[in-house]
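Each reported figure results from applying straightforward, stated rules to the coordinates on display, with no laboratory input. What you see is a predicted model; the values in this text were computed from it and never measured.
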């Protein structure tokens, strides 16, 4: 599967994938979107998903991205509190 998003620091890819898996409740970051889709009742399948509406696709991607940002903020706040 090709990735369309470019990461400014390519070395961060593995850590971002681990974070995606963590917030999605799975061990495999490639399964994260399928886990979220199932929770949101979105019929996401491997392969072509052109029949999904924008709303359905947004529920999956938005949920993953939003949860990743929330976790990053939580981690930053925790780090600041330690210092």
For the chain, longest principal axis from Cα atoms; helix 13-24 axis from its Cα atoms; angle between them, nearest 10 degrees, is 70 degrees
Most mobile listed residue (42, 23, 69) in the chain, GNM with C-alpha springs under 10 Å: 69
Calculate the length of the line joining the C-alpha centroid of region 53-83 to that of region 27-47, in whole Å. 17 Å
Length gained, residue 53-residue 79, 0.36 nm per residue minus C-alpha separation, equals 5.4 nm
So which residue, out of 51, 33, 59, gets the largest mean-square fluctuation from a GNM of the chain using Cα contacts under 10 Å as springs? 51
What is the percent of Cα-Cα separations in the chain that go past 20 Å? 39 percent
